[in-house]
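Novice: Supplied in structure tokens, the structure appears directly below.
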Amino acid sequence: MTSTAEEYDVIVLGAGPTGENVADRTVAAGLRTVIVEAELVGGECSYWACMPSKALLRPVAALADARAVAGSREAVGDGRLDAAAVLARRDSFTSGWNDDGQVRWLRDTGIELVRGHGRLAGERTVTVEAEDGSERMLTARHAVVVCTGSRPVLPAHVPGLADAHPWTNREATGAPAVPGRLAVVGGGVVGVEMAAAWRALGSEVVLLVRGDGLLPRMEPFAGELVAEGLRDAGVDVRFGTEVTAVERADGSGPVALTLGGGERLTADEVLYATGRAPRTADIGLEQVGLKPGGWLDVDDSCTVLGVDGEWLYAAGDVNHRALLTHQGKYQARIAGATIAARTQGRPLDTARWGAHAASADLAGAPQVVFTQPEVAAVGLTLAAAEEAGLRVKTVDHDLGAVAGASLYGDDYRGRARVVFDLDRRVLVGACLVGPGVAELLHSATVAVVGEVPIDRLWHAVPAYPTISEVWLRLLEGCRG
Ligand SMILES: Cc1cc2nc3c(=O)[nH]c(=O)nc-3n(C[C@H](O)[C@H](O)[C@H](O)COP(=O)(O)OP(=O)(O)OC[C@H]3O[C@@H](n4cnc5c(N)ncnc54)[C@H](O)[C@@H]3O)c2cc1C
């Protein structure tokens with residue numbers, strides 16, 4: 001084992017989208033920055049989450065769009081997706097799980113890379129253990145930023161689960177072939193997206209959900225419409241279903257699931273999409289007085305709470321503010337600006353919406369669920385607004401009744417809701433469900449985050465004939 005000490009201005013632990021963006025910002029501020037990565041530069045997002053999952057789902061949407069209108073419907077007929085072509089395109093998005101391109105980007109950006117498992121070893125100090133067991137010691141003049149992301153969680157209490165080699169997001173996004181039968185456990189975003197993707201690729205899919213609906217953090221109608229879409233696609237969606245035991249004989253062959261009522265179900269693979277945990281168990285938190293294994297508590301500038309000296313930051317999934325790539329990258333920009341300001345002795349602006357406050361995390365992060373129909377939501381749901389004590393009203397509208405939507409699809413089904421703050425007369429939430437709504441989301445985000453007064457928003461005229469015209473009906477409802 002060798003050990004050398006190297007000094008940088010900033011050390012970033014984890015080269016997912018968040019870590020890359022922190023490093024980009026600190027290098028741009030003239031700070032010598034090193035990024036430490038244990039696996040692939042680009043992180044979970046590039047190889048086992050956002051990119052491959054959306055590469056699997058985009059052909060599903062393209063085929064649905066072609067089927068939605070007479071003329072192109074006849075052109076595609078009853079054709080199914082070409083699974084081999086879809087998987088090959090997915091592989092191209094992950095560059096065959098090779099990070100050369102992202103490593104080149106680091107180099108071109110002026111970010112240094114150290115490969116290996118990083119651990120905090122004390123104040124402003126990180127040790128990195130390489131695959132060959134050698135160790136390097138890095139010290140930071142200014143900051144260490146933890147961007148180690150999250151990992152899937154399997155329930156501890158299900159007998160046989162670990163030995164059955166269940167799929168997690170990694171296999172669900174990276175599988176080289178289509179399983180004949182896939183059981184998906186969990187009705188959150190990952191569960192519904194992966195059920196939709198593999199069903200369209202030809203698997204027989206059963207979706208097992210403990211609760212009584214899908215997408216529990218969204219407006220209830222979103223889960224209802226997505227369940228309807230999955231059932232129309234042939235997914236067997238079951239609510240109120242608990243998996244009590246899992247068995248895969250000899251660790252290979254089909255997997256048998258026992259359900260709460262004693263029913264048995266057989267599948268070729270079982271995907272557990274039942275939540276995420278922080279990757280903090282083995283990053284040396286105990287060396288800086290923090291408890292290993294937990295989410296890292298930060299203030300709005302992404303400075304870790306409970307550590308003196310304002311040198312330790314955490315951004316992205318690992319701080320649990322919003323487990324989304326775009327929010328991690330947003331926090332990265334805030335953390336980068338904070339580090340730059342502190343190193344230059346400039347005061348921080350941590351007031352709400354200040355340059356050093358990730359306020360948008362708390363306003364409700366925008367999120368798209370890429371199923372058929374799509375779900376696009378930002379801000380608070382009605383339930384969350386009421387829980388926050390706001391005096392609100394909701395305005396709902398049938399998206400299918402909008403001219404642009406009827407042009408989009410002959411039998412367009414969808415719904416939109418805004419949550420209107422009656423006291424401040426601004427929107428605090430929006431949820432759109434229907435084909436093609438993902439690209440409408442940013443208009444809602446601008447309205448919610450910008451806190452645009454409703455009487456001003458009224459003058460933002462949506463183009464005819466687009467689905468965006470739903471805004472007119474929604475705003476009329478708020479003003480009336
Ligand atoms: C199936 C799926 C689909 C998703 N789809 C979307 C989507 O469409 N849009 C969206 O916004 N979000 C999506 N997400 C969420 C998104 O993937 C995460 O929010 C995002 O990856 C978080 O980025 P991050 O940089 O914080 O962490 P990660 O992407 O997890 O990166 C963390 C990096 O740190 C490295 N690391 C960890 N520990 C160490 C250590 N000790 N030393 C060195 N390196 C270390 C890891 O190897 C990894 O490369 C999806 C998630 C899943 C599971």
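The values are calculated or read from the model by the stated rules, or taken from the named source; none is laboratory data. Keep in mind it's a predicted model, so treat the numbers as computed, not measured. Counting neighbours? That spans all protein chains shown, and the Cβs are built from the backbone with ideal geometry, glycine included.
Novice: Which condition does GLY77 not pass, out of (1) within 16 Å of the ligand (Cβ to nearest atom); (2) at positive phi, if it passes all the others?
Specialist: Only one criterion is unmet by GLY77, namely (1).
Novice: Let me ask another. Here's a check for you: in the stretch 110-121, which residue that is within 25 Å of THR343 (Cβ to Cβ) and not in a strand (DSSP E or B) is farthest from the ligand (Cβ to nearest atom)?
Specialist: GLY110
Novice: Are any of the residues in the stretch 331-343 under 21 Å from GLU451 (Cβ atoms), assigned to a helix (DSSP H, G or I) and touching a His at 6+ places or on another chain (Cβ under 7 Å)?
Specialist: Checking the stretch 331-343: at least one residue is under 21 Å from GLU451 (Cβ atoms), assigned to a helix (DSSP H, G or I) and touching a His at 6+ places or on another chain (Cβ under 7 Å).
Novice: Hey, could you check the stretch 315-326 for residues that are within 7 Å of the ligand (Cβ to nearest atom) and in a helix (DSSP H, G or I) and say which is surrounded by the fewest Cβ atoms within 10 Å (Cβ to Cβ)?
Specialist: Across the stretch 315-326, the extreme among qualifying residues is HIS326.
Novice: Going by the structure shown, is ALA84 part of a helix (DSSP H, G or I), among the hydrophobic types (A, V, I, L, M, F, W, C) and either in contact with a strand residue (DSSP E or B) (Cβ under 6 Å, 6 or more places away or on another chain) or more than 30 Å from THR18 (Cα to Cα) (or both)?
Specialist: It is true that ALA84 is part of a helix (DSSP H, G or I), among the hydrophobic types (A, V, I, L, M, F, W, C) and either in contact with a strand residue (DSSP E or B) (Cβ under 6 Å, 6 or more places away or on another chain) or more than 30 Å from THR18 (Cα to Cα) (or both).
Novice: Is it the case that some residue within the stretch 331-344 is surrounded by 15 or more Cβ atoms within 10 Å (Cβ to Cβ), modelled with pLDDT of 95 or more, within 16 Å of the ligand (Cβ to nearest atom) and closer than 14 Å to THR280 by Cβ?
Specialist: The answer is no, given that none of the residues of the stretch 331-344 is surrounded by 15 or more Cβ atoms within 10 Å (Cβ to Cβ), modelled with pLDDT of 95 or more, within 16 Å of the ligand (Cβ to nearest atom) and closer than 14 Å to THR280 by Cβ.
Novice: Another question about this same structure. I'd like the full set of residues that are surrounded by fewer than 24 Cβ atoms within 10 Å (Cβ to Cβ), part of a helix (DSSP H, G or I) and among the aromatic types (Phe, Trp, Tyr), limited to the stretch 7-48.
Specialist: Correct list: TRP48 only.
Novice: When you go through ALA233, ALA256, ALA227, ALA281 one by one, which is the residue that is closer than 18 Å to PRO159 by Cα and of a type outside the set (S, T, N, Q)?
Specialist: Only one candidate passes the filter, namely ALA256.
Novice: Given the stretch 141-224, what strands (runs of 3 or more DSSP E) lie entirely inside it while holding 3 or more residues that are more than 16 Å from the ligand (Cβ to nearest atom) and out of contact with any helix residue (DSSP H, G or I) (no Cβ under 8 Å at 6 or more places or on another chain)?
Specialist: Counting at least 3 such residues, we get 204-208.
Novice: Could you tell me whether ASP100 is surrounded by fewer than 20 Cβ atoms within 10 Å (Cβ to Cβ) and under 30 Å from ALA340 (Cβ atoms)?
Specialist: For ASP100, the condition - surrounded by fewer than 20 Cβ atoms within 10 Å (Cβ to Cβ) and under 30 Å from ALA340 (Cβ atoms) - is met.
Novice: Ok, one more. I'd like the residue in the stretch 122-140 that is touching a Leu at 6+ places or on another chain (Cβ under 9 Å) and in a strand (DSSP E or B) and, out of all such residues, is farthest from the ligand (Cβ to nearest atom).
Specialist: Restricting to residues being touching a Leu at 6+ places or on another chain (Cβ under 9 Å) and in a strand (DSSP E or B), the top hit is THR125.
Novice: Looking at this structure, is VAL307 in contact with a Ser or Thr (Cβ under 9 Å, 6 or more places away or on another chain) and either buried (at least 21 other Cβ atoms within 10 Å of the Cβ) or in a loop (DSSP other than H, G, I, E, B) (or both)?
Specialist: The answer is no for VAL307.
Novice: Please find, within the stretch 285-314, the residue that is farthest from the ligand (Cβ to nearest atom) out of those that are charged (D, E, K, R) and without any contact (Cβ under 8 Å) to a residue 24 or more places away in the chain.
Specialist: Selected residue: ASP308.
Novice: Would you tally the residues in the stretch 232-284 being among the aliphatic types (A, V, I, L, M), farther than 19 Å from MET194 by Cβ and away from the ligand (no atom under 16 Å from the Cβ)?
Specialist: Going through the stretch 232-284 one residue at a time, the tally reaches 4.
Novice: Can you tell me which residue in the stretch 445-479 is surrounded by the most Cβ atoms within 10 Å (Cβ to Cβ), limited to those that are touching a Leu at 6+ places or on another chain (Cβ under 7 Å) and assigned to a helix (DSSP H, G or I)?
Specialist: ILE467
Novice: Let me ask another. What number of residues within the stretch 364-419 satisfy the criterion of being acidic (Asp, Glu), surrounded by fewer than 22 Cβ atoms within 10 Å (Cβ to Cβ) and over 24 Å from HIS320 (Cα atoms)?
Specialist: So the answer is 4.
Novice: So, one more: Does ARG107 satisfy being out of contact with any His (no Cβ under 6 Å at 6 or more places or on another chain), more than 30 Å from ALA5 (Cα to Cα) and either aliphatic (A, V, I, L, M) or away from the ligand (no atom under 14 Å from the Cβ) (or both)?
Specialist: no
Novice: Identify, by number, the condition in (1) of a type in the set (A, V, I, L, M); (2) touching a Gly at 6+ places or on another chain (Cβ under 6 Å); (3) crowded, with 18+ Cβ neighbours inside 10 Å that MET51 doesn't meet.
Specialist: (2)
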